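Since the structure comes first, as structure tokens, the remarks are kept for the end.
The values are calculated or read from the model by the stated rules, or taken from the named source; none is laboratory data. The structure displayed is predicted, hence computed values, not measured ones. With ideal geometry, Cβ positions are generated from the backbone for all residues, glycine too; neighbour counts draw on all protein chains shown. Each accessible area value is taken on the protein alone, full model and side chains, heavy atoms only, with ligands, DNA and RNA left out. Shrake-Rupley method; radii C 1.70, N 1.55, O 1.52, S 1.80 Å.
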Amino acid sequence: MAKLQKSIEKKEALINATIALVNNDGFHAAPMSKIAKMANVSPATIYLYFESKQDLVNQTYLEVKNAFTTYAFEAYDEQMAVEASFKMIWFRIAEFKFRDCERGLFLAQCDNTPMIDEESRQEGIKNLKPLLDLWKKGKEQGIIKPVSDYLLYAYTVNPLSYLMMVKKRNAFVPTEENINEAYQLAWDSIKLT
């Protein structure tokens with residue numbers, strides 16, 4: 001049991017080191033040797049858990065995306081009204097991004113660069129199914145604008161990534177008032193009427 005726990009801890013250390021190095025230095029400036037050193041493991045240990053650097057980054061992306069979406073949809077009930085559901089999900093996403101800026105920043109980088117392979121990207125999109133289904137329902141009910149889900153995401157979730165990045169630079173302090181304003185802007189951008 002202790003051996004299993006140590007194995008889990010090593011893998012988690014590698015994932016955390018990958019997140020930190022990619023966030024601070026970028027994908028290409030995060031060699032396996034540097035990841036291993038930061039995780040306090042030998043470089044050979046990485047290959048016990050991951051086939052390659054690409055596999056390490058893909059698996060890190062999927063693990064973080066899963067944690068993000070699990071948190072975002074934890075209290076989601078598809079029986080709720082569209083606007084109430086969207087509001088609850090949006091605030092959960094905001095809370096995740098502002099509470100865990102490192103993981104939020106890593107996801108934002110993954111969403112905006114080609115460092116994740118297409119198979120992993122598509123797997124990550126599957127995690128957003130509750131939100132995509134909610135938007136579909138909203139479109140069918142004439143509540144949400146009948147536009148691409150990519151546009152809906154760009155106008156509702158991506159602004160949170162920007163706010164998270166400026167928060168990380170200490171240029172923005174999220175307050176209840178401005179987070180409520182951000183939500184209202186997001187909702188107003190996608191609601192039909």
**OP:** Please report the base-10 log of the normalised intensity I(q)/I(0) for the stretch 52-140, using a Debye sum with one equal scatterer per alpha carbon and no solvent, at each q in 0.26 (1/Å).
**Re:** -1.29
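With the full set of protein chains in place, find how many percent of the accessible area of the chain is carbon and sulfur; take the probe as 1.4 Å. Could the numbers behind the result be given before it?
Values: 5820 of 10530 Å².
Whole-percent figure for carbon plus sulfur exposure: 55.
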Original post:
Could you give the angle, 0 to 90 degrees to the nearest 10, between helix 101-112's Cα long axis and the longest principal axis of the Cα atoms of the chain?
Top reply: 80 degrees
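What 222 nm value per residue comes from the helices of the chain, counting each DSSP H run with n ≥ 4 as -39,500 (n - 2.57) and dividing by all residues, nearest 500 deg cm²/dmol? Numbers along the way, then the final one.
Values: 11 runs with 145 residues, N = 193.
Counting only the DSSP helices, I get -24000 deg cm²/dmol.
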**OP:** Please give the per residue accessible area of the chain, computed with a probe of 1.4 Å over protein heavy atoms only, in Å².
**Re:** 55 Å²
Original post:
What ranking, highest mean first, results for peptides 87-99, 141-153 when packing means the other Cβ atoms within 10 Å averaged over each residue?
Top reply: 87-99, 141-153
Original post:
Of all the Cα-Cα pairs you can form in the chain, what percent are over 28 Å apart?
Top reply: 32 percent
**OP:** Show which lysines lie in cross-link reach of residue 53 when reach means a straight Cα distance below 24 angstrom and same-chain residues fewer than eight apart are skipped.
**Re:** 6, 10, 11, 34, 37, 65, 126
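Compute the Kirkwood hydrodynamic radius of the stretch 1-50, taking the inverse of the mean of 1/r over all pairs of distinct Cα atoms, and give it in Å to one decimal. Please report the intermediate quantities before stating the final value.
Details: mean 1/r = 0.0918 Å⁻¹.
Computed over the stretch 1-50, the radius equals 10.9 Å.
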Subject >> Signed unit charges on C-beta, dipole axis of the chain, positive-most listed residue 32, 189, 116 >> reply: 32
Original post:
What per residue convex hull volume, in Å³, do the alpha-carbon atoms of the stretch 1-110 yield?
Top reply: 119 Å³
Original post:
Angle, helix 82-99 long axis vs. longest principal axis of the chain, Cα atoms, 0 to 90°, nearest 10?
Top reply: 30 degrees
